[in-house]
Each structure stands twice: as C-alpha cells, then as structure tokens.
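The values are calculated or read from the model by the stated rules, or taken from the named source; none is laboratory data. Fair warning: this is a prediction, and the values are worked out from it, not measured in the lab. Please note: Cβ atoms are built from the backbone with ideal geometry, for glycine as well, and neighbour counts cover all protein chains shown.
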Amino acid sequence: MKRTWMIGGVAALALATTQSAAFGQAATATRVAAPVETLAQDYVAQNRTQGVVIAYGIGDSAPVFVSAGRIAVEADAGAASPDSLWRVYSMTKPITAMAAMMLVEDGKLKLDQPIADFFPGFRQMKVLTDPANSLDSRPATTQITVRHLLTHTAGLGYSIITRGPLLKEYERLGITPGAVNAALEAQARPLRPTSLKEFAERVATLPLIAEPGTKWSYSISLDLLPAIIEAAAGMPYEQFLQTRMLAPLKMTSTYWTVPQSEIGRFATNYAWAGENRIPFDPAKSSAWLTPPSFPYGGAGLVMSARDYDRFLHMLANGGTLDGVRVMKPETVRLAMSDLLPAGVSYGGAPSGSGGAMGPKMGYGAGGSVQLEDVPGGAGKGTYGWGGAAGTVAWVDPSKKIRGTVMVNYFPSDKWPLRADAVKAVYAQAGR
C-alpha cells in the first residue's frame, strides 16, 4: 500500500500497509510459475530490490530459505540471509494480536470486553458527525471492545489514513506510533506520549470516525492494544511479549531497538522516486537504533525471516513449536477466524494497496482471513498481513503452507513481489 504521512509538514511514507489481495491471486499456470529461487534472483538481477529473503514451509517441516542480493547497495554490505534484519512495520500487528489472544486464553481478557474496564476514559466516547470539516460530535452508543481493536472496527483513526481536523488533533497530541527515519523521528518524538498508558489516555480524549463495531477502517487499534495488554497482564508489554512468545519460540532476532552489535545484519530501507532508489533509512543511522517513545504494537518491530517463520510455524502447528506450547489450538483457530462484528465486512485494504480484492475476505486478530479457496492460490482460512516496506507473511492452514517475504523499500507496491512470491511458493510446493 502506498500512503503519505505528514509530520511537521514533511511527507513521509506509510507506516502500515496491507496486501491481503496477494494471498488470493492464483497462478494461471501453477506448475510452470517461476520457482522461488528464480523469482528472488530475478528481482535482484533486475535491480528491483538490493536484497530479498523468502522463507516458506510445508506442514511441520523446517523452513526453506531463499536469499538473493545484499542488505544494502554498497559493495561491502552483507549478503541477504535468513538472519538479516528487516523493518516489518505492520507485520507487527499479528504478533500483538496473538499476544492479546494469549490473555483471552488466560481469562484475563474477553473478546467483547469494553476497554474502558482498563482505561475509564474510553467509557464515554464521541463520534464525529462531519469528519471532513469539523470536530463536531455526538455521544457514541457502543463501547469499544477488545474485538474492535483486534479487527480495526473501533472507530479509531490513523495518521496515514485520517484527514481533516481529526488528523491535526492526532498530530498535535503525537498520536503517530511509528518510526520512519532519524530526521522525521526527531520531529515526531517531542510530541509523542512516552508510555503506552499515556498514549491510551490521550487517544481516549479524541473523537471517533465511526460508531464502534460498525465499520472496518485501518487504524491505530493495534497500537492501543498493547496498553490493554499491559493493564490486563500487570507487566510491561515488552516483558509480556518476551516472556510469553519470543523466548519460548526462540525468536532471538526480534527487536524494538536494533543493538549496536547487530547493525551489520540490519538492512537499509530505500525509497523509490520514479526509477531512482534513494537510501531512506540507512542502517548505520537508522531510527531503530534509538529506543522508541513506547513499543509500537502496530508497526514497531525489526525481525529476521527466520524469526517470523517461527511465529508462523507456531500458528500453523496450532500454537506449538519444537514441543513448546504457547497457545492452545482452539485459541489459534479463533484468532485466525473471521472475528468481524455482525454486519461488518472487510472490503480490502485502503486504496493504493497494489491490486483489487481477490477472493471473499474477512478479518481476524490483526490480519485478514480468506473465506474461500482460490485454485492455484491460497486456501480458505489463509491468515496474514503485510508491512509498509514491502514485506508480507501468511499461514494457509488448509494447504499447510506458510510464507514470509522480506525486503525493505517504499512504496510497498512499487513491484508485484507479494503476488509473485505467493504464486512461486504454491508452484514450488505443488499445491
């Protein structure tokens, strides 16, 4: 998806993106579609990306990693590998969502529990009556719930989507949960809250763009959710995630802040301006070398393909990996099912996502859910999401396939890599 975020009058590229349409795009000739190795090599040879890593797995098998190119254009940059580090942006959202589902499993959260139980400021929200022109509002008649946050149906805005007076309020209060590069971060940081609690309390003072539970609209809901997780778990969100997910799954290359010792495997993020590729967030001066204002649950993680595959592999296995269970199978099934409130439909990502909707889609915990099979493509029940810098990941429980694509460039739809990778993986898997 291609979006523009204005911070201090400077246009920045989107922090969050979806590409659910790619999951359903079928290969017209599955058996002869380019295999994954050829695809990766071609993208580098054609100078579409300086480096790419594709990971895929079938059933409970170990992942297959296909890498090509380097993590930056410089001749001395390291080769792209399963352990290279990439900004996954909105692919953080499924991880945050599964953390919340762990608390649902624990009985510390309920899907339809009002979030005002944790932050009373959300008890009397207001809904804009003329969002394009004013902040005039009416009282909301529905409480925002955990389900609403998981499915982008809370009525919240997003600085990369919202327009009009509400956008100015989001910017004034620093409701911009995400980093882009060091220069833009220097402008955004002074306005931001410095904790998840403060972030939640500020969001609670702002009007909504829609009545909760009535409309799917891409939003900050997965950035607000970690504040609820903290309150319900009784510990910092980073600690909860590390304790309950990252450590048990041995996801040792997942960072909110890239350590100095790991810069050598951290990719540079580029921006395409026409046919020119510009280093937009060089690894050695990246915004991710400094701790964030607070952990951005919707767009904040840097990860390796190996780590993201371990997360997907756990989901594919119903909550278990290498004999370690982090979620019950029924919790995973629920999380990857259509959780939209009654009467709400998911019509696809916002405009600019790189393609029209393919199959019928729903929305689960932090990711889209495919509601029908596509011959030669992903099967019914496929769950996944993409990131602003071109990444994408999915789990297909019916065909027992999982896939992760790691690149770093803006805009994410400059090239059709996501759809090409899905086709190549299914062709190579013979599914």
Task: Of all residues in the range 295-347 being outside any loop (DSSP other than H, G, I, E, B) and of a type in the set (S, T, N, Q), the one that is nearest to residue 154 (Cα to Cα) - done: 331
Open item on the list: Can you tell me which condition residue 389 does not meet? The list is (1) modelled with pLDDT of 95 or more; (2) of a type outside the set (Lys, Arg); (3) farther than 23 Å from residue 304 by Cα; (4) assigned to a loop (DSSP other than H, G, I, E, B), and all the others hold.
Closed with: (3)
- [ ] Please state which of the following conditions residue 73 fails to meet, knowing it meets all the rest: (1) within 30 Å of residue 252 (Cα to Cα); (2) touching a residue at least 40 places away in the same chain (Cβ under 8 Å); (3) within 23 Å of the chain's Cα centre (by Cα).
- [x] (3)
TODO: Report, by residue number, each residue of the range 88-104 that is in a helix (DSSP H, G or I) and over 13 Å from residue 240 (Cβ atoms).
DONE: 89, 90, 91, 92, 93, 94, 97, 104
Open item on the list: I'm trying to understand the selection: among the residues of the range 76-108, which are closer than 17 Å to residue 230 by Cβ, under 14 Å from the mean Cα position of the chain (by Cα) and hydrophobic (A, V, I, L, M, F, W, C)?
Closed with: 95, 97, 98, 99
Open item on the list: Pull out all pairs, ordered by first then second residue, where Cβ-Cβ is under 9 Å, the residues are six or more apart or on different chains, the first lies in the range 240-251 and is at negative phi, and the second is of a type in the set (Lys, Arg).
Closed with: 248/325; 249/310; 251/306; 251/310
- [ ] Those residues that are in contact with a helix residue (DSSP H, G or I) (Cβ under 6 Å, 6 or more places away or on another chain) and over 23 Å from residue 87 (Cβ atoms), I need them from the range 44-64; list them, please.
- [x] 58
